[in-house]
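What follows is a set of notes on a single structure, which appears directly below.
Only the coordinates and a few stated rules stand behind these numbers; no lab work does. Model, not experiment: these values are computed from the prediction. Every residue, glycine among them, receives a Cβ derived from its backbone with ideal geometry; neighbour counts consider all protein chains shown.
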Amino acid sequence: MVLLMTRTTVRKPKAAGRCEACGAETPKWVGRCPDCGEWGSVIEVEIAAKAPGSGGLRTAPTDLSRPIAIGDVDPLGAAKRPTGIDELDRVLGGGLVVGSVTLVGGEPGMGKSTLTLQALGAMARNGARVLLVSAEESAEQVRLRAERLGALDARLLVVAECSLPYVLALADELRPDVLVIDSIQTVYDPDAAGVPGSMSQVRDCAQSLVRCAKERAIATVLVGHVTKEGNLAGPRVLEHVVDTVLQFEGDRHHSLRMVRALKHRFGPTDELGLFEMTGTGLAGVRDASAMLLTDRCVGNPGSVIAPVLDGSRPLLVEVQALVAPTVFAMPRRSAQAFDNARLAMLAAVLQSRASIDLSEHDVYSSVAGGVRIDETGADLAVALATVSALCDAPFPSDTVALGEVGLGGELRSVTQAPRRLAEAARLGFRVAVVPMSTPDVDGIKLVRQPTLAAAIDAIFPDSTRSLRSSDPRTQVRRRTDDNHGGGR
Ligand code: TYD
Ligand code: MG
């Protein structure tokens, strides 16, 4: 009762509530936080008085704030500083922009700290003054890693610190060209609400760092952890605050790492950076297709090479399939490096349009090397790999398969087919199974097919005959295919 009395008497008209647990703000003090449901966690905070009318913002134009002709704007603000890591510069379209803020997101263990330290080392060697704020690891740990990566340089300054006001003061004092915060989830601003790593802390800290970057023209990099679901408190809430979002992808069990720009205010977002995690850090992969194909077991049934496009980069990947008699009432379709629903659809098309009976079989499919496929150009390869696995007949080792498979079982053309096929030719492939409309490409023979069924017949003429069901609909369809001519 006494407590209640005190609260009522203390409350002032200009006060609002803020939850100490989650940082949510309420228009007035309440006993229970409407956001996180915690009891007694809301405290009263005073709202800072605003200047009447303008809210403290500029109202009369000054020389600095007058609009000018767009051609007269000094473009120096967008000057790029190369990071010295070729693959990273390719993704960034040249380097880090002065005064910009880049968020590097990815699951733990992907190599975010490694890559940023390598880049800092290279930039320091090129004469930049760089500051690494390590809020997760001690300076000793960072030094050990820097030794391993060959990133020891007098211009690379490191501080193990998680207090945001101190970091901002340091940035003011040292005026580095580049500032890296590793990670944004571990820095803490005592003036912001919530515990370290909470949504409100991460957002407030990032906003302060963005302001600092713009005012002092420091290229700033924020490292942020993302979980498998991709939405741990942090990186996702920051995407609209920062200028560039780089995403680290890859399979922890493979050495291949991919870096792509999800958002980029200063360049394209379709470039892909490829790295291999080695004993001495991340090494740029020049010939990605060759690397992805090194471990290929030539002559294995269930393996088909597909020329896919990642961003604007053609990439040859090995699509693998395994078909096993099912023990389930409903056979499984499990895709590892692409959409599961797509595999289920391809299995259904095989069944209904090409009479390949998979009703008693589980189908597993994956892409070797940890690459993820987000496009439909690999459909034909997946379907042919499945057939190859089912009838235990290897797909020809000098052949690639490219094409989207429609629900009618037809093969559809894909974007930039000539570039993909040129990459296949460069790596020594001689034949490509493709949709009818594909234009000729030097150095590779095209086997054009109208339908998936026709492609299967062309590649596996004998092995699939016994698998075909005697469904009358199929007979009709196959006669129609024959009239089509079936490629050349
Ligand atoms: P790290 O950069 O610490 O990942 P993140 O900051 O994204 O959490 O990299 C972690 C992994 O990289 C770790 O499993 C060890 C491995 N690694 C190497 O294989 N070689 C190296 O030279 C370094 C520095 C790390
Ligand atoms: Mg790290």
To the nearest 20 debye, what is the magnitude of the charge dipole of region 122-210 about its Cα centre, counting +1 on the Cβ of each Lys and Arg and -1 on the Cβ of each Asp and Glu? 360
Assigned charges on the beta-carbon of Lys, Arg, Asp, Glu; region 240-304 dipole about Cα centre (debye): 80
Write out the trypsin sites (Lys or Arg not before Pro) in region 345-437 meeting two conditions: DSSP loop, and at most 14 other Cβ atoms within 10 Å of their Cβ. ARG430
With a sphere of radius 13 Å drawn around the Cβ of GLY99, what net charge do the other residues whose Cβ falls strictly inside it have (Lys, Arg +1; Asp, Glu -1)? +3
Residues whose built amide H sits under 5 Å from the amide H of VAL447, excluding neighbours closer than 5 in sequence, are ALA432, VAL433, VAL434
Top positive-direction residue, dipole computed over region 71-194 with Cβ charges, set LEU117, ALA192, ALA135: LEU117
Positive-end extreme of charge dipole, region 70-145 - chosen from VAL91, GLY71, LEU144 (charges on Cβ): LEU144
Kirkwood Rh in Å, taken over all unlike Cα pairs in region 362-455: 13.7
Around ARG90: net Lys/Arg minus Asp/Glu count, Cβ-Cβ under 13 Å: -2
Below 9 angstrom from the Cβ of ARG129, what's the summed charge of the other residues (Lys, Arg +1; Asp, Glu -1)? +1
How big is the dipole moment of region 347-432 about its Cα centre under a simple scheme where the beta carbon of each Lys and Arg is +1, that of each Asp and Glu is -1, and everything else is neutral? Debye, nearest 20, please. 440
Under a straight-distance cross-link criterion of Cα-Cα below 12 Å, which aspartates and glutamates are reachable from LYS28, leaving out those fewer than 8 residues away in the same chain? GLU44, GLU46
